[in-house]
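Attaching a single structure in C-alpha cells format; questions to follow.
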Amino acid sequence: MKSLLLVVPFLFSAACGDNASQPAADAGVDTAATADAAPAMPRAVAVAGDFSAPPGTIGALQIASLTVQQGLVAGIVTDDPQLRKLGNTLYVINRDTNNVTGVDATTFALLGQLGTGAGSNPQDVAVVGSTLYVPVLGGTGVVYGKLGDSTFTAIDLAAAVGDPDGKPDCTSAIAVGTDVYVGCGDLAGFSPRGNGVLVVIDAVTNTVRTHIALPVPNPQALSKMMGTNIIMTTYDSSAGCTISITPGTTPTAACMTMNSALGGQPIAFDVSGTTLWFAYSAPDFSHNWARSYDTTSSTYATNKLTPDTQSITDIAACADGKVVVMDAPSGSTNPGGFRVYKGTSELTTAALPLGIKPVYGDATVCY
C-alpha cells in the first residue's frame, strides 16, 4: 500500500483517519466574517489548511475591489484540501479526512458531503449527473456516490492499470459526457513501475470501458478541459510533460510540452482560451513562479509572470483576462495570499491574506 502519490515537497496527503463527520445542516456562510451578501462576480475562491493549526479555511477575493472575505463557510475545510468547481458547485476535496464536500458557488450554502472511506485519501472529483467519481490513493482506484450519501461504491482499476499491489495510485478524474477519464500512476512506493495509465469509466454501467498508456509516468491532479481535449500535468521536472488527451471511443494521449521547457515542475495550472497558465517550481524546489504557455505557437512566455520576491503555489485564470496567483512566502510570519495580474502587470500591491497560508497545489478557482 502507498500512503500518497503527489511526490513534491509539502504536498503530502495523509492516508489516515476515518470519514469526517457530516457538516451541520446550518453550516453556511459565516456571517461574522463576511459581508451581508454573497460576493459579487467575478471572484476567486481558495481553500487552505494548516496541519499545525487546524481547521482549514475557505475565502473569496472580489476581483473588482480587491477585497477578501475570509472564513466564508465554517466546518467544511480540514488540514489538506484541494478545490474543484464544476457547474455551480464548489467541491472541497479533504484529503486528510477522506471526504468531498459541496457548496453552492454563488451563495456558499452547504449542499452535502460524500465520505470516501477511512484511509482513502481522495484526490479529485468528477461529476456525471448527480454522481461524484472520486479517485482515491488509498483504495482500488475510484469510489462513487452522491452528496449526502452515507455509503459509496468502489470501482477497482488495479487490473486496468496493471498495478500488482491493488492500489493503482489514481490522482485525477474528469467527465466528458458519460465517460469519466481517470489518470493513474502505478507506483511502487514513490517510484513509477512504468508510464501512467488513463482509465475510462462508463458512468452508465460504472465499469471500465477502455484504458491506454500515457506517454510518461506520474499523472497529477487536477485535469482540466481545453476545448474538447483534456489537459493533464505529470510529475518530473526533466522527463515529465503536460499531456493533451483526445477523448472518444479510442482516446489518445501525447505530450503537449515538456516540463524541461517550462523550467521546472508544474504545481497547478489553469486554462484561458488557448493559453495555459502554470504555477511551477524550480527543479530543486528552491522557488516557485507563474508562467504562461501559448498552445497556438507552442511557446512559453519569454519572462516569468511573477518576480523572485513572490513564491507562487497556485494559479487561476479569470474570465475577464485577469490571473489570480497564490503567494506563499517561506517562514511562519508572512501569511501570503491572493495576488492579481492583468497582462504582465500586478494589480495588487501586496498579497491579500486568505487567513491561512496558501497550500501547494490546486486549491484556487476564479469565476
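The values are calculated or read from the model by the stated rules, or taken from the named source; none is laboratory data. Bear in mind that the values here come from a model prediction, so they are computed numbers and not experimental data. Counting neighbours? That spans all protein chains shown, and the Cβs are built from the backbone with ideal geometry, glycine included.
Anything in segment 76-103 that is at positive phi and either at pLDDT below 95 or buried (at least 22 other Cβ atoms within 10 Å of the Cβ) (or both)? List them, or say none. It would help to see each step written out before you state the result.
Pass one, segment 76-103, residues at positive phi: 87, 98.
Result: ASN98, single match.
So which residues in segment 201-220 are out of contact with any Pro (no Cβ under 8 Å at 6 or more places or on another chain) and not in a strand (DSSP E or B)?
ALA203, VAL204, THR205, ASN206, LEU214, PRO215, VAL216
Is it fair to say GLY194 is surrounded by fewer than 21 Cβ atoms within 10 Å (Cβ to Cβ), farther than 18 Å from PHE269 by Cβ and not acidic (Asp, Glu)?
On the way: surrounded by fewer than 21 Cβ atoms within 10 Å (Cβ to Cβ): yes; farther than 18 Å from PHE269 by Cβ: yes; not acidic (Asp, Glu): yes.
The answer is yes for GLY194.
For segment 169-185, does any single residue satisfy the condition of being touching a His at 6+ places or on another chain (Cβ under 8 Å) and under 20 Å from SER120 (Cβ atoms)?
From segment 169-185, those touching a His at 6+ places or on another chain (Cβ under 8 Å) are none; that's our starting set.
So far as segment 169-185 goes, no, none of its residues is touching a His at 6+ places or on another chain (Cβ under 8 Å) and under 20 Å from SER120 (Cβ atoms).
Assuming ALA33 fulfils every condition listed in (1) within 19 Å of LEU111 (Cβ to Cβ); (2) at pLDDT below 90 apart from one, which condition is it?
(1)
Oh, and also: Would you mention how many residues in segment 172-188 are touching a Ser or Thr at 6+ places or on another chain (Cβ under 9 Å) and assigned to a loop (DSSP other than H, G, I, E, B)?
1
Name every residue in segment 114-126 that is surrounded by 24 or more Cβ atoms within 10 Å (Cβ to Cβ) and of a type outside the set (Asp, Glu), in order of residue number.
Filtering segment 114-126 down to residues surrounded by 24 or more Cβ atoms within 10 Å (Cβ to Cβ) leaves 114-116, 120-126.
LEU114, GLY115, THR116, SER120, ASN121, PRO122, GLN123, VAL125, ALA126, listed by residue number.
May I pose another question? How do the pairs read when you match residues in segment 143-166 that are more than 19 Å from VAL125 (Cβ to Cβ) and charged (D, E, K, R) with residues anywhere that are modelled with pLDDT under 95 and surrounded by fewer than 19 Cβ atoms within 10 Å (Cβ to Cβ), using Cβ under 7 Å and keeping only pairs 6 or more apart or on different chains?
Going by the 7 Å Cβ cut-off, the qualifying pairs are ASP165/MET1.
Can you tell me which residue is farthest from GLY145 (Cα to Cα) among those in segment 67-113 that are assigned to a loop (DSSP other than H, G, I, E, B) and among the hydrophobic types (A, V, I, L, M, F, W, C)?
Checking each candidate, the answer is LEU72.
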